[in-house]
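S.K.: One structure follows; several queries about it will come next.
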């Protein structure tokens, strides 16, 4: 793959070796992040926090309407996180997914990206309200959890490997959205079964639409992950066995879900449940996989 | 300039009285001409719906104009004593804003009245019967109605069995276009629910009734298909919504009966509306995946819940309206001169 292709995603062409920040980044000193980077992350976290708080307030006062607040907050977050990734891409001279901290931020970015791409296409009201807390959780984890922030410097810079890694995380973004659509499906199913009506029932999208969105997002994530795996194989990189089998399990689980769904063996409710379980599995195993892939 | 309002509505007058006052479309121009002939009247708008006949006018000599309007209203009663109401200035502005927002409607929060108001205003404006003050008043009323609808829950939820059923079907299927409905029993309520669903795009209605002739007659009326009651399950494969209202003394749709049918149902959800008392559908059916069962009690509970929500929202709506009334009265004070 031509290098310029990847550079267009994560520009590194303007790297300045005299930038003192690189040394502090390599040393893993987060306090030495540029003020701009700190500002971008804190600003996006605050925006999501306000949006989430406002959504809870609206829900609490029974005035929940599929408004534009969450959409605006997620657009702002996407712009701020893109700027942050661009800055760190310049500093690290590669796509900024070289530490667990990077990976969490990139996953938050890719989840936001997938929401902005498919959220409007499916016109699922409240999907933004469900996406906001997940992205907020990822950002808060990145900022406050004791994550390894020091970028690992690769011996060989292979665009295929970087393509593989970044596309895998974008696929996880699609799986995250599928999981959220699954959560919404299960809530709406419960609301309908309870036979009681209520604000949440009227504000959540139709259950049929949620089932369709859930399945399509799993398809999207699976397609992206398959391409990412193919890129990994093309690069011929050496893979840690545990990492390989964990990733393969995730791929196989989603593949099984779509196949069973396709042949009508798996009901929409079970697909929704499994997509939520699979998302939880990804969120739990992501740090472990990243830890295993770090050079010893 | 003073805004005046006089008329009769469902709050004080029974239908027999209201219908005497109703001003049909064919009488509208004549009525507006009559009102415009009143000395001192600058503009007039006539609203005539099934629940109200109200005249709005603007004038710099309110007292004689109001007398003339009352005389006009009495002239339509042929001596019948009728409970007219009259309002001027601030109360008449508040009344119009409340009417436009659906707060003065029989079913609080209904939105049909806004369309009727727009139509009445448009007819009066087209006739040249409105002045700058009435134009401003009605435009402001439409804005208030929009704000009340979007910022409060006054229109939230459905308030009748038919509309609750349509709402729930929408929350299950989204678009109802192309969906298939089966009526088990041809009662009046189930017929109304079926008609509501058809008006929202339902494609096919299958009617099964113990008396086949009744099923055939109803199917004919709503453009459906009649089947013999004993064969209802054979026509069930493609059905999305089942409405039951038979007089059977025990459940005729049970989990055991439904499970094998659902295996052929291609994972599409099944919405069951059980309007029968005693119930036609066993409660355990609701435990099946992809099946959503609502009986008459649960549907009425949802309708009452919506009405309670709407009542609770009245305070917020009134507060919003008060703000707009103040704004409009402020504008009136700054624009006292009549302009045609």
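The values are calculated or read from the model by the stated rules, or taken from the named source; none is laboratory data. In this text the structure is predicted, and so the values were computed from the model without any measurement. Cβ: placed from backbone, ideal geometry, glycine included. Neighbour counts: every protein chain shown.
S.K.: Please verify whether residue B:242 is surrounded by 15 or more Cβ atoms within 10 Å (Cβ to Cβ), in the same structural domain as residue B:179 (by TED's automatic domain parsing) and farther than 23 Å from residue B:168 by Cα, treating the condition exactly as stated.
M.R.: So residue B:242 fails the test.
S.K.: Select from segment B:111-134 the residues that are within 30 Å of residue B:305 (Cβ to Cβ) and without any contact (Cβ under 8 Å) to a residue 12 or more places away in the chain and list them in ascending order.
M.R.: Of everything in segment B:111-134, those that are within 30 Å of residue B:305 (Cβ to Cβ) and without any contact (Cβ under 8 Å) to a residue 12 or more places away in the chain turn out to be B:112, B:115.
S.K.: Let me ask something else about it. Is segment B:303-318 home to any residue that is within 13 Å of another protein chain (Cβ to nearest Cβ), modelled with pLDDT of 90 or more and over 30 Å from residue B:95 (Cα atoms)?
M.R.: no
S.K.: Go through B:315, B:325 for me and flag whichever is under 27 Å from residue B:133 (Cα atoms) and assigned to a helix (DSSP H, G or I).
M.R.: B:325
S.K.: Of B:15, B:96, which residue is within 22 Å of the chain's Cα centre (by Cα) and in contact (Cβ under 8 Å) with a residue 60 or more places away in the chain?
M.R.: After ruling out the rest, the residue left standing is B:96.
This table checks each residue for (1) part of a helix (DSSP H, G or I); (2) modelled with pLDDT under 75; (3) surrounded by 17 or more Cβ atoms within 10 Å (Cβ to Cβ).
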residue	(1), (2), (3)
A:64	no, yes, yes
A:70	yes, no, yes
A:74	yes, no, yes
A:82	yes, no, no
A:95	no, no, yes
A:101	yes, no, yes
A:104	yes, no, yes
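S.K.: Out of the residues in segment B:169-185 that are within 14 Å of another protein chain (Cβ to nearest Cβ) and in contact with a strand residue (DSSP E or B) (Cβ under 6 Å, 6 or more places away or on another chain), state the one that is nearest to residue B:230 (Cα to Cα).
M.R.: Applying the filter and picking the extreme gives B:169.
S.K.: Right, something else. List the number of the failed condition for residue A:230; all other conditions in (1) within 14 Å of another protein chain (Cβ to nearest Cβ); (2) free of Cβ contacts under 8 Å to residues at least 24 places away in the same chain; (3) in a helix (DSSP H, G or I); (4) surrounded by fewer than 18 Cβ atoms within 10 Å (Cβ to Cβ) hold.
M.R.: The one condition residue A:230 does not meet is (1).
S.K.: Separate question: Here is a check on your reading of the model: is residue A:192 touching a strand residue (DSSP E or B) at 6+ places or on another chain (Cβ under 7 Å), surrounded by 22 or more Cβ atoms within 10 Å (Cβ to Cβ) and in a helix (DSSP H, G or I)?
M.R.: Considered against the rule, which asks whether it is touching a strand residue (DSSP E or B) at 6+ places or on another chain (Cβ under 7 Å), surrounded by 22 or more Cβ atoms within 10 Å (Cβ to Cβ) and in a helix (DSSP H, G or I), residue A:192 comes out as yes.
S.K.: Shifting gears a bit: Considering (1) in a loop (DSSP other than H, G, I, E, B); (2) within 13 Å of chain B (Cβ to nearest Cβ), say which one residue A:237 fails and leave the rest.
M.R.: Against the list (1) in a loop (DSSP other than H, G, I, E, B); (2) within 13 Å of chain B (Cβ to nearest Cβ), residue A:237 comes up short only on (2).
S.K.: Another question, then. Would you mind listing the helices (runs of 4 or more DSSP H) fully within segment B:61-130 where at least 1 residues are at pLDDT below 85, assigned by TED's automatic domain parsing to the domain that holds residue B:146 and within 28 Å of residue B:336 (Cβ to Cβ)?
M.R.: Answer list for segment B:61-130: B:62-75.
S.K.: Go through segment B:306-340 and give me each residue that's within 30 Å of residue B:271 (Cα to Cα) and buried (at least 19 other Cβ atoms within 10 Å of the Cβ).
M.R.: Matches in segment B:306-340: B:306, B:309, B:310.
S.K.: Please verify whether residue A:210 is touching a residue at least 40 places away in the same chain (Cβ under 8 Å), within 14 Å of another protein chain (Cβ to nearest Cβ) and buried (at least 24 other Cβ atoms within 10 Å of the Cβ), treating the condition exactly as stated.
M.R.: Yes.
S.K.: For residue A:183, are the conditions met, namely being over 23 Å from residue A:38 (Cα atoms) and within 14 Å of chain B (Cβ to nearest Cβ)?
M.R.: Answer is no for this residue.
S.K.: Then there is this: Quick one: in segment B:321-336, of everything that is more than 22 Å from the chain's Cα centre (by Cα) and closer than 18 Å to residue B:152 by Cα, which residue is nearest to the other protein chains (Cβ to nearest Cβ)?
M.R.: Restricting to residues being more than 22 Å from the chain's Cα centre (by Cα) and closer than 18 Å to residue B:152 by Cα, the top hit is B:323.
S.K.: Answer yes or no: is there a residue in segment B:266-287 that is exposed (fewer than 14 other Cβ atoms within 10 Å of the Cβ), without any contact (Cβ under 8 Å) to a residue 24 or more places away in the chain, over 30 Å from residue B:134 (Cα atoms) and out of contact with any helix residue (DSSP H, G or I) (no Cβ under 7 Å at 6 or more places or on another chain).
M.R.: Yes: one or more hits.
S.K.: Of the residues B:35, B:28, B:4, only one is at pLDDT 90 or above and either closer than 17 Å to residue B:130 by Cβ or exposed (fewer than 14 other Cβ atoms within 10 Å of the Cβ) (or both); which?
M.R.: B:4
S.K.: Can you find a residue in segment B:209-222 that is buried (at least 20 other Cβ atoms within 10 Å of the Cβ) and in contact (Cβ under 8 Å) with a residue 60 or more places away in the chain?
M.R.: no
S.K.: Something else about it: Check whether at least one residue in segment A:257-268 is on the phi > 0 side of the Ramachandran plot and away from chain B (no Cβ under 14 Å), and report yes or no.
M.R.: no
S.K.: While we're here: Any residue in segment B:22-39 that is in a strand (DSSP E or B) and over 30 Å from residue B:157 (Cα atoms)?
M.R.: Checked segment B:22-39: no residue is in a strand (DSSP E or B) and over 30 Å from residue B:157 (Cα atoms).
S.K.: Looking at A:253, A:248, A:278 in this structure, which one is assigned to a helix (DSSP H, G or I) and more than 15 Å from residue A:174 (Cβ to Cβ)?
M.R.: From the options A:253, A:248, A:278, the qualifying one is A:248.
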